[in-house]
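The values are calculated or read from the model by the stated rules, or taken from the named source; none is laboratory data. Small disclaimer: the values here were computed from a predicted structure and weren't measured. Reconstructed Cβ throughout: ideal geometry from the backbone, glycine too, with neighbour counts over all protein chains shown. Each accessible area value is taken on the protein alone, full model and side chains, heavy atoms only, with ligands, DNA and RNA left out. Shrake-Rupley method; radii C 1.70, N 1.55, O 1.52, S 1.80 Å.
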Amino acid sequence: GPGKVAVAANLADGADVKVGDRLSLVLPDGTKARPEVVATYGRGLGVAQVTMVRTALAPHVTAGFDSDVLVRDARGADARQVAGKLAALGEVTDRAGYAAAKDKDREVSAWANTLMAAVLGGFAAVAAVNTLVMTVFDRRRELGT
């Protein structure tokens, strides 16, 4: 929730904070904040160093970047209980649901790309035919027919 943050494990180590501590941050508009660290995570490519609730960050940025948060349960954790607690933050799905949503996104993107290529190809074909027709008409006048 507001006033809470999840941070990459390497950032938490560098800042010498752990879950329950407060992390000193400067938000994009220069506002200083000290949110409570509620989770740490291993960071991969494309994953932010700091993850905050959108409503808490929105007043401090000019553009919103919504994204997905991937969560791995601790060993032995009750998946339903974890999902129930996370449900208050937004949509919760399992690995299969996430993969299905991404597959659907890829299908829509592939369809849109095909449509765009067809439209551009159509314009190119019309331009080529137009050029040929205009050339033939110009040649007719040269030959006097």
- Item | With all protein chains modelled, accessible area of ASP103 [1.4 Å, Å²] | 70
- Message: Test of understanding: what is the full-extension gain from ASP138 to VAL19, defined as 0.36 nm times their sequence separation minus their Cα-Cα distance?
- Response: 34.9 nm
- Message: If the reach is capped at under 21 angstrom between alpha carbons, list the lysines near LYS85, excluding any in the same chain fewer than eight residues apart.
- Response: LYS4, LYS18
- Task: Using just the helices of the chain, give the 222 nm mean residue ellipticity in deg cm²/dmol: DSSP H runs with n ≥ 4 each add -39,500 (n - 2.57), and the total is spread over all residues, rounded to 500.
- Result: -15500 deg cm²/dmol
- Query: Simple spin-label model, 7 Å along Cα-to-Cβ: TYR98 to ALA48 in nm?
  - Reply: 1.7
- Note on the structure: When every protein chain stays in place and a 1.4 Å probe is rolled, ASP16, ASP29 sorted by accessible area with the largest first are ASP16, ASP29
- Query: Tell me, what is the 1.4 Å probe accessible area of TYR98, in Å² to the nearest 10?
  - Reply: 80
- Relative to the longest principal axis of the C-alpha atoms of the chain, give the angle of the C-alpha long axis of helix 95-143, reported between 0 and 90° and rounded to the nearest 10°. 20
